[in-house]
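Read through the structure below, which is laid out as structure tokens, and then see the notes.
Where a number appears in this text, it was derived from the coordinates with a stated rule and is not lab data. Everything numeric in this text was worked out from a predicted model, so none of it was measured. Every residue, glycine among them, receives a Cβ derived from its backbone with ideal geometry; neighbour counts consider all protein chains shown.
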Amino acid sequence: MDSQALNHQFATHSHSQPLSDLDRQTLRQLAQIHGTPLLVLNLKRVDEQYQRLQAALPGVKLFYAVKALAHPALLMRLNQLGGHFDLATAGEVNMVRDLGIVAERCIHTHPIKKDSEIREALDFGCTRFVVDNLAEVDKFVPYKDRVQLIVRVSYRSQDAVVDLSRKFGCALEELHTLLEHAQTQGLTIHGLSFHVGSQSGSPAAHVKAIEASIEAMRTFDQIDWKWLDIGGGFPVSYQTPVMEIEDFCAPIREALAQVPENIEIWAEPGRYIAAPSMVELLCVMGRARRGTRMWYYLDDGVYGALSGQIYDHALYPICLLEPREDDLQPSVLAGPTCDSIDVIDEDIDLPELQIGDLLVARMMGAYTLASATEFNFYPKPQVVVVEDLSQPGG
Ligand SMILES: Cc1ncc(COP(=O)(O)O)c(C=O)c1O
């Protein structure tokens with residue numbers, strides 16, 4: 001294969017928006033100061049993602065799903081922007097409480113909780129909880145005067161990379177039994193919610209679920225409905241481009257126009273806000289020719305921040321920090337641990353790399369550090385926070 005064709009292949013493997021010279025300059029400086037592997041959290045990008053999603057879904061209250069990336073700087077920035085927070089565990093409750101975020105801005109969305117977790121959230125002051133089954137409803141009976149419940153319904157989607165309606169959500173046909181049971185127990189229900197799945201390929205599942213929710217609210221009109229929570233699922237472009245968020249949200253907005261005016265609409269975006277806000281700098285720490293391919297061993301891999309390749313099925317766009325015109329050759333990028341599953345990309349065309357060369361993995365904010373381990377005693381990558389990646393000095 002000639003060098004031009006290979007260069008083209010490498011380009012398509014990279015993200016569609018190349019790193020700017022200023023981005024590269026800042027990243028180079030950060031690597032010199034902090035070493036690698038290094039995650040760089042870019043707060044300007046947090047602003048942009050939040051504001052862009054809010055503009056695409058006007059009037060919708062955005063509860064950031066803390067599980068995607070629970071970094072204090074990110075949470076504080078969203079708090080300043082007027083954001084709200086979707087919490088799922090006692091650990092997440094404690095984190096937002098320690099940051100001074102007020103409970104009125106939070107909802108608890110995990111459909112399965114221990115009693116101790118319910119009490120911890122209530123002590124914090126969070127009173128809005130998701131349920132999706134009878135046993136969970138019963139857990140709230142001791143607290144019935146202090147809680148308002150949201151019932152999560154399952155809507156399966158073929159389009160989502162991560163199916164979140166298999167494990168959670170009651171079937172639409174079971175809603176009647178659940179609502180009746182909660183009412184009999186003297187519990188207050190004010191909301192319906194769903195999550196059609198993460199990294200959704202099209203808005204069709206959201207639209208269908210919104211329509212079904214409106215219908216359900218009409219059917220069960222004895223309930224004092226106040227909230228409709230449309231979950232997360234808003235997609236970002238990794239190696240493969242996805243719909244622009246404005247196009248993705250247009251049909252959702254149209255469907256939401258049919259929701260009665262007194263109902264507040266909520267969403268729980270995690271990935272859309274966090275993913276583009278962080279990049280990772282990695283360094284080549286070893287190289288070997290094995291058969292026809294060059295193997296490059298990087299200082300982080302699928303046991304570290306690239307764990308999202310395993311758990312989240314994401315393929316991050318990876319490029320060289322310093323672009324080169326050299327011929328490309330079939331290469332493998334591997335992580336540093338002793339396990340053979342720790343391979344990042346088996347089929348990437350790269351110029352010949354040397355030990356010490358730096359690579360940049362992008363779209364590394366969501367479900368990356370969150371699921372990183374310290375297998376082999378490799379510590380999780382350090383995070384540095386910059387106000388604006390394109391400003392030298394951070
Ligand atoms: C209950 C709940 N809400 C919100 C999210 C965030 O979803 P996404 O990252 O697709 O926006 C998740 C993801 O797992 C979730 O489980």
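Observations, loosely collected:
- Calculated P(r) tail over 16 Å for segment 316-381, as whole % of Cα pairs: 56
- Size of electric dipole in the chain: Cβ of Lys, Arg +1 and of Asp, Glu -1, about Cα centre, debye, nearest 20: 620
- Sorting 152, 128 from the fewest to the most surrounding beta carbons within 10 angstrom yields 128, 152.
- Helix-only mean residue ellipticity at 222 nm for the chain, each DSSP H run of n ≥ 4 adding -39500 (n - 2.57), per residue, nearest 500: -9000 deg cm²/dmol
- Pairwise label distance in nanometres, residue 250 with residue 145, each label 7 Å out on the Cα-Cβ vector: 5.2
- Computed over the chain with a Gaussian network model linking Cα atoms closer than 10 Å, the most mobile of 79, 94, 262 is 262.
- Links that overshoot a 20 Å alpha carbon limit, given the list 144/226; 139/226; 67/114; 67/208: 139/226; 67/208
- Sequence of 112, 118 once ranked by neighbouring C-beta atoms within 10 Å, starting from the fewest: 112, 118
- Spin-label model distance (nm) - residue 215 vs residue 292, 7 Å beyond Cα toward Cβ: 5.4
- Shape call, segment 238-347: gyration tensor on alpha carbons, a/c limit 1.5: prolate
- Magnitude of the charge dipole, segment 63-173, Cβ model with Lys/Arg +1 and Asp/Glu -1, debye to 20: 100
- Projected onto planes of every orientation and averaged, the convex hull of the alpha-carbon atoms in the chain covers 19.9 nm².
- Positive dipole terminus of segment 70-269, leading residue within 231, 248, 80 (C-beta point charges): 80
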